[in-house]
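Have a look at the structure below, then the notes.
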Amino acid sequence: MLKVKIFKLRLNEEFQAEDESLLNDFLESVKVVDIQASLLNSPPEKFWTVLVVYEELEEAEASAIDRVLYDTSEPLTPDEEEIYLHLRSWREMKARAENLPSYMILHSSHLKAIVKVKPQSFEDFYKIAGLSRRKIEKYGEEVLNVLQNIRRQ
C-alpha cells in the first residue's frame, strides 16, 4: 500500500543538517516510489518541501512486525523520563566520540520512541517507524546495553 510523507527542509544553517538527517533516515527505512520537491521562499523563511511517496520495506513486512510512529509530543512518565535521560547521555558521549552532532546519532524522537517501545531484543527496534536499518545495526546493541544497565539499577 502506498503512503505519503511530507518533509520541511529549513535552509537556515541552524536546522538544515538536522532536517536533512531526518529525511535521509526516513528514506533509508522505506522503499521510495516517488519524490517531489518544491522550494518555497516566503520571507523570512526559505525552505524545501519534500513529498515522498513510499511503501514499507519488504523486510519489515516479512518480519511480521508492525512499525509504529510514536507521538513524541506525548509526555513521558517519570520512569520513562529517567530512561530518556540515560539514552540522551549515551547519545552525547557517542556523538563526541564520533565527532558528530548528537541528532546524527539518533534523533530525540527516536530516543522517545525507544523509551516507549522498551526494546528487549534487536528485532524490537524494527517496530519504530523512521529508524533506519543502518542506525539499528550501528547503535542497536549499545542502546540495548544502556537499557539493560538501567533495568539492573
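The values are calculated or read from the model by the stated rules, or taken from the named source; none is laboratory data. Treat the numbers as computed from the prediction; the structure is a model and nothing was measured. We place every Cβ from the backbone using ideal geometry, glycine too, and count neighbours over all the protein chains shown.
Across segment 38-51, the number of residues qualifying as surrounded by 12 or more Cβ atoms within 10 Å (Cβ to Cβ) and more than 20 Å from Glu14 (Cα to Cα) comes to 1. Taken over segment 79-106, the criterion of being farther than 15 Å from Lys135 by Cα and part of a loop (DSSP other than H, G, I, E, B) is satisfied by Asn99 alone.
Checked against (1) in contact (Cβ under 8 Å) with a residue 24 or more places away in the chain; (2) among the aliphatic types (A, V, I, L, M); (3) more than 22 Å from Glu56 (Cα to Cα), Ala113 meets all criteria but (3). Taking first residues from segment 119-135 that are touching a residue at least 24 places away in the same chain (Cβ under 8 Å) and farther than 15 Å from Asn24 by Cβ and partners that are among the polar types (S, T, N, Q) and assigned to a loop (DSSP other than H, G, I, E, B), the Cβ contacts under 9 Å between residues at least 6 apart in sequence or on separate chains come to Glu123/Ser63; Tyr126/Ser63. Is it the case that some residue within segment 71-93 is modelled with pLDDT under 95, crowded, with 18+ Cβ neighbours inside 10 Å and small (Gly, Ala, Ser)? No, that holds for no residue.
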